[in-house]
Amino acid sequence: MHFLYPMCCFNSLLNLTCQNQNNYIQDHLKSALFDAFCLTADVFNRPLCSLISLFFHFFSSFQMQFMLLFSRQGKLRLQKWYVPLSDKEKKKITRELVQTVLARKPKMCSFLEWRDLKIVYKRYASLYFCCAIEDQDNELITLEIIHRYVELLDKYFGSVCELDIIFNFEKAYFILDEFLLGGEAQETSKKNVLKAIEQADLLQEV
Amino acid sequence: MPAPIRLRELIRTIRTARTQAEEREMIQKECAAIRSSFREEDNTYRCRNVAKLLYMHMLGYPAHFGQLECLKLIASQKFTDKRIGYLGAMLLLDERQDVHLLMTNCIKNDLNHSTQYVQGLALCTLGCMGSSEMCRDLAGEVEKLLKTSNSYLRKKAALCAVHVIRKVPELMEMFLPATKNLLSEKNHGVLHTSVVLLTEMCERSPDMLAHFRKLVPQLVRILKNLIMSGYSPEHDVSGISDPFLQVRILRLLRILGKSDDDSSEAMNDILAQVATNTETSKNVGNAILYETVLTIMDIKSESGLRVLAINILGRFLLNNDKNIRYVALTSLLKTVQTDHNAVQRHRSTIVDCLKDLDVSIKRRAMELSFALVNGNNIRGMMKELLYFLDSCDPEFKADCASGVFLAAEKYAPSKRWHIDTIMRVLTTAGSYVRDDSVPNLIQLITNSVEMHAYTVQRLYKALLDDISQQPLVQVASWCIGEYGDLLVSGQCEEEEPIQVTEDEVLDVLEGLLVSNLSTPVTRGYALTAIMKLSTRFSSVNRIKKVVSIYGSSIDVELQQRAVEYNALFKKYDHMRPALLERMPIMEKTATNGPTEIVQTNGETEPSVVESKHLPPVTHSCISQSFDYLLLLTLCLGIPPMTAYNKNGLKIDFTFERANPNPNIAVITIHASNSTEADMTDFVFQAAVPKTFQLQLLSPSSNVVPALNQGTVTQVIRVLNPQKQQLRMRIKLTYTLKGSAVQDLAEVNNFPPQSWQ
């Protein structure tokens with residue numbers, strides 16, 4: 001199918017979503033467009049991709065969209081999503097992104113453009129920490145955020161390793177949720193985050 | 001019923017599985033056990049079971065049957081239950097599930113819980129995945145917590161408010177009172193999240209932005225304290241005090257200072273201070289410098305500060321750390337439009353980055369190089385870029401080729417150089433060239449009248465070498481069809497004319513027709529070229545034979561052409577010479593045709609993305625295809641018009657009909673600026689008589705670049721149910737060379753087809 005036809009369709013969808021203030025419909029349209037984006041992103045079709053990526057920019061601002069932790073074999077150890085996506089979409093993104101990041105050579109820079117997002121990743125021992133941020137975000141400070149999270153895990157588990165995160169994944173999530181909320185840092189003091197976790201742990205009934 | 005196995009036990013067991021099938025079996029068994037446990041409404045072990053389910057979910061197995069259980073856990077009194085319940089909700093539930101609304105009441109209760117950690121759980125969940133409905137219901141609670149003196153809760157409430165505003169922008173107003181004294185907090189967590197909240201509000205609403213401008217002095221003070229204060233162990237990162245907060249404040253300052261002279265002046269000093277005093281040996285310092293540079297470039301900073309910023313970027317370019325180099329290239333790309341000369345100084349470093357091993361850096365360097373090309377450096381830059389085109393990865397070739405074409409078109413020092421450059425691209429990266437380049441090139445070649453002989457000769461020689469690269473073959477066939485007579489008569493002035501006979505030329509073209517390498521499109525070009533030669537060559541019989549053969553081709557397109565050409569030979573032979581005459585010089589149409597999309601490679605794209613407005617997609621996409629454009633103008637037949645042309649600002653209107661409603665006329669305005677300076681803050685407004693309805697969509701940008709280097713486009717939709725004559729009053733405001741300009745005009749010269 002000539003690429004102009006889907007582009008005209010998208011154009012109409014875009015106009016519809018712009019005109020329609022109803023969040024419910026917007027979300028449905030967003031998801032429809034996202035599905036289509038996944039379909040067409042595989043085809044080397046830059047105009048179509050740029051079109052849809054511009055659409056996503058229109059709806060987003062500065063935000064971390066998701067954070068993934070995975071091993072060198074591509075096994076997922078933690079996934080935190082800050083945007084609403086279906087399970088199918090999440091799986092697809094995870095699969096593709098893991099493949100893309102694992103294919104990077106060791107000397108390459110920590111940032112890559114993937115679809116319309118910026119991916120910031122860093123490897124710590126056997127785990128890849130991967131964040132997806134938006135175009136306006138500061139990549140270098142995201143690296144610091146990742147580093148801070150690793151430090152928190154390290155302090156909590158005492159010299160953390162991948163096994164700690166596998167067997168105590170729920171604790172890894174609790175720590176992440178005390179550090180970030182909605183994709184933004186809620187506490188910039190390491191001490192305070194760890195103190196809060198400690199106190200919450202004490203509340204746990206045996 | 002034995003107690004369900006513990007979570008760690010399950011994890012250990014599953015990890016012993018040696019194959020995927022074995023793992024699946026274990027999981028299925030455990031899921032069955034969990035399901036029956038859920039059915040029995042077992043309160044004691046629900047938490048453990050859900051935790052196991054979450055683990056299995058992470059491995060990729062379905063866990064939807066646990067959704068309701070999460071809700072039950074959230075409703076439990078036990079903290080352990082709530083913790084897992086909320087985690088499960090965030091992982092398994094999202095706003096698409098109808099079930100999620102059942103959480104609302106639990107969250108409401110927990111937001112008012114006596115234990116702050118429970119309140120925290122509720123705020124966190126709401127702030128991560130609350131749907132619009134939930135946000136609407138619970139916004140009041142969040143607002144209450146935003147005013148509490150408990151900093152643990154206040155910081156979470158602030159970020160939760162950010163989420164609420166993102167989901168339901170109309171609720172922004174209700175958080176305004178609570179923001180009153182957010183910045184007087186001492187707690188860094190609250191400060192950080194407050195700045196995030198203020199940033200979100202200012203970004204979404206120009207009124208809020210104006211309202212919060214008065215916070216600039218306070219923000220400057222906080223930032224100053226962070227930099228000047230001594231070592232603070234709690235917030236220190238490699239010698240820098242709370243870099244996260246510094247970066248967020250810088251970002252907020254950027255937004256507040258953007259189009260405001262007073263605010264920009266108030267932050268001038270602190271920006272200079274941060275830029276010069278920040279330690280650059282570690283990533284964290286560079287992160288702050290990076291944000292500072294972005295802020296300096298975006299606000300109305302004085303020139304000294306801007307030069308300082310660009311020099312920082314220049315230093316970044318030489319940094320050993322790849323990440324820093326990448327970030328520098330990205331920023332330079334954003335600033336190259338406004339501070340072109342300053343960036344030019346770093347051109348050689350940027351060009352060196354083309355040879356970097358990292359793919360991301362190479363891409364950025366390529367985009368930036370294209371942005372830096374100008375009339376003075378075109379020859380040198382093109383040499384580097386063509387070398388890059390030769391050796392780069394296939395993923396770059398299409399963009400690089402398009403960029404080369406665009407740059408060559410704009411700055412070619414001579415026609416001969418231009419054609420040579422095109423030839424070079426076609427022969428080295430011919431198969432990666434975009435489809436729309438072929439019509440572009442054809443137009444270019446047609447218009448370079450004196451180079452026809454040279455061009456066709458070079459293209460012919462290229463065809464003899466290699467017929468696999470379709471764009472090259474298509475352009476070559478077209479040229480041979482048009483200028484075959486020049487080729488055969490050996491008229492080339494620029495270089496040694498080659499000796500070639502009519503038969504040899506026809507051999508080559510026929511070769512294209514039969515070759516397996518040729519696509520159907522290419523075959524179409526070849527056949528048409530052969531046909532055209534019937535009026536330029538003497539061997540008409542041979543051509544007639546070829547054409548009649550293809551009258552029975554399987555390819556429908558080819559068959560149709562051949563049959564029509566046959567008819568030309570037979571019944572309409574008297575028309576043949578006139579029909580197959582040389583193409584006249586083609587005018588570049590007013591709709592900014594194909595160049596607009598090609599230009600998005602690193603040139604206009606950054607600014608389009610930054611302005612966060614939807615570009616008028618209607619025209620730029622459709623006019624990508626040369627044929628489609630012709631089709632449009634032929635079908636619609638509504639000619640474009642100039643609506644306004646004064647003081648260097650020209651506004652053209654182009655039309656199209658919106659199907660299915662023929663009463664709506666879709667007008668795209670194209671604003672171009674022929675003065676020497678950019679027109680910034682450009683706003684186009686329109687008003688129509690009462691019987692019409694007007695809708696103005698977002699403009700592509702609010703900066704009209706100088707010297708016709710680009711246009712601002714915007715789509716207007718006019719509903720004209722009574723089919724009255726279209727009239728419009730337009731108001732234009734922009735800033736040129738520092739002074740604001742405003743003008744009103746009436747537009748009455750709409751072509752009748754646009755409203756009939």
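Here are the numbers for this structure:
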{"read-out": "The range B:82-104, subset at pLDDT 95 or above and over 36 Å from the mean Cα position of the chain (by Cα), residue farthest from the other protein chains (Cβ to nearest Cβ)", "value": "B:85"}
{"read-out": "Some residue of the range B:317-336 being farther than 21 Å from residue B:243 by Cα and of a type in the set (Gly, Ala, Ser)", "value": "no"}
{"read-out": "1 or more residues loosely packed, with under 15 Cβ neighbours inside 10 Å: qualifying helices (runs of 4 or more DSSP H) within the range B:181-253", "value": "B:206-212, B:216-228"}
{"read-out": "Search result, residues across the range B:709-724 that are away from chain A (no Cβ under 14 Å) and not in a loop (DSSP other than H, G, I, E, B)", "value": "B:712, B:718"}
{"read-out": "Counted residues, the range B:30-60 - those being of a type in the set (Phe, Trp, Tyr) and modelled with pLDDT of 95 or more", "value": "1"}
{"read-out": "Which listed residue, of B:178, B:161, B:122, is within 33 Å of the chain's Cα centre (by Cα), among the hydrophobic types (A, V, I, L, M, F, W, C), in a helix (DSSP H, G or I) and more than 9 Å from every other protein chain (Cβ to nearest Cβ)", "value": "B:161"}
{"read-out": "Qualifying residue in the range A:70-93 (condition: exposed (fewer than 15 other Cβ atoms within 10 Å of the Cβ), modelled with pLDDT of 95 or more and closer than 23 Å to residue B:363 by Cβ)", "value": "no"}
{"read-out": "Residues of the range B:134-157 that turn out to be in a helix (DSSP H, G or I) and out of contact with any Phe, Trp or Tyr (no Cβ under 9 Å at 6 or more places or on another chain), as a count", "value": "15"}
{"read-out": "Failed item, numbered, when residue A:123 is tested on (1) more than 28 Å from residue B:52 (Cβ to Cβ); (2) more than 8 Å from every other protein chain (Cβ to nearest Cβ); (3) at pLDDT below 95", "value": "(3)"}
{"read-out": "Of residues in the range B:270-306 being in a loop (DSSP other than H, G, I, E, B) and within 22 Å of residue B:341 (Cβ to Cβ), the one nearest to the other protein chains (Cβ to nearest Cβ)", "value": "B:299"}
{"read-out": "Extreme residue, surrounded by the fewest Cβ atoms within 10 Å (Cβ to Cβ), among residues of the range B:105-119 that are assigned to a helix (DSSP H, G or I) and either within 12 Å of another protein chain (Cβ to nearest Cβ) or among the hydrophobic types (A, V, I, L, M, F, W, C) (or both)", "value": "B:116"}
{"read-out": "Any pair with Cβ under 6 angstrom, 6 or more apart, that starts in the range B:238-267 at a residue that is more than 10 Å from every other protein chain (Cβ to nearest Cβ) and free of Cβ contacts under 8 Å to residues at least 12 places away in the same chain and ends at one that is of a type outside the set (Val, Ile, Thr) and assigned to a helix (DSSP H, G or I)", "value": "none"}
{"read-out": "The range A:101-112 - residue that is surrounded by fewer than 15 Cβ atoms within 10 Å (Cβ to Cβ) and not hydrophobic (A, V, I, L, M, F, W, C) and, of those, modelled with the lowest pLDDT", "value": "A:107"}
{"read-out": "Positions within the range B:60-74 being out of contact with any helix residue (DSSP H, G or I) (no Cβ under 6 Å at 6 or more places or on another chain) and of a type outside the set (A, V, I, L, M, F, W, C), in sequence order", "value": "B:60, B:62, B:64, B:72"}
{"read-out": "Options B:402, B:414, B:369: the member that is polar (S, T, N, Q) and at pLDDT 90 or above", "value": "B:369"}
{"read-out": "Breaking point among (1) away from chain B (no Cβ under 13 Å); (2) under 22 Å from residue B:321 (Cβ atoms); (3) not in a strand (DSSP E or B), for residue A:93", "value": "(2)"}
{"read-out": "Matching residues in the range B:341-365 - criterion: being more than 22 Å from the chain's Cα centre (by Cα), outside any helix (DSSP H, G or I) and within 14 Å of chain A (Cβ to nearest Cβ)", "value": "B:356, B:357"}
{"read-out": "Number of the condition not met by residue B:7 [criteria: (1) surrounded by 19 or more Cβ atoms within 10 Å (Cβ to Cβ); (2) in contact with a strand residue (DSSP E or B) (Cβ under 8 Å, 6 or more places away or on another chain)]", "value": "(2)"}
{"read-out": "Filtered residues of the range A:175-206 (kept if within 20 Å of the chain's Cα centre (by Cα) and at the interface with chain B (Cβ under 7 Å from one of its Cβ atoms))", "value": "A:177, A:181, A:182, A:184, A:185, A:186, A:187"}
{"read-out": "Among (1) part of a helix (DSSP H, G or I); (2) crowded, with 17+ Cβ neighbours inside 10 Å; (3) not hydroxyl-bearing (Ser, Thr, Tyr) - the single one residue B:536 does not satisfy", "value": "(1)"}
{"read-out": "Some residue of the range B:2-24 being within 12 Å of chain A (Cβ to nearest Cβ), closer than 22 Å to residue A:173 by Cα, assigned to a loop (DSSP other than H, G, I, E, B) and modelled with pLDDT under 95", "value": "yes"}
{"read-out": "The range B:193-219 - residue that is over 17 Å from residue B:175 (Cβ atoms) and touching a helix residue (DSSP H, G or I) at 6+ places or on another chain (Cβ under 7 Å) and, of those, farthest from the other protein chains (Cβ to nearest Cβ)", "value": "B:217"}
{"read-out": "Some residue of the range B:422-439 being surrounded by fewer than 23 Cβ atoms within 10 Å (Cβ to Cβ), under 18 Å from residue B:584 (Cα atoms) and in contact with an Asp or Glu (Cβ under 9 Å, 6 or more places away or on another chain)", "value": "yes"}
{"read-out": "Condition met for residue B:22 (under 23 Å from residue B:86 (Cα atoms) and surrounded by fewer than 17 Cβ atoms within 10 Å (Cβ to Cβ))", "value": "no"}
{"read-out": "Residue match in the range B:474-492 (condition: part of a loop (DSSP other than H, G, I, E, B), touching a Gly at 6+ places or on another chain (Cβ under 8 Å) and buried (at least 16 other Cβ atoms within 10 Å of the Cβ))", "value": "no"}
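Yes/no matrix, rows are residues, columns are (1) in contact with a His (Cβ under 8 Å, 6 or more places away or on another chain); (2) surrounded by 15 or more Cβ atoms within 10 Å (Cβ to Cβ); (3) not in a strand (DSSP E or B):
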| site | (1), (2), (3) |
| --- | --- |
| B:666 | no, yes, no |
| B:669 | no, yes, no |
| B:672 | no, yes, no |
| B:682 | no, yes, no |
| B:686 | no, yes, no |
| B:689 | no, no, yes |
| B:698 | yes, yes, yes |
| B:701 | yes, yes, yes |
| B:707 | no, no, yes |
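The values are calculated or read from the model by the stated rules, or taken from the named source; none is laboratory data. Note that the structure is a prediction, hence the values are computed from the model and not measured. Note: ideal-geometry Cβ built from the backbone for every residue, glycine included; neighbour counts use all protein chains shown.
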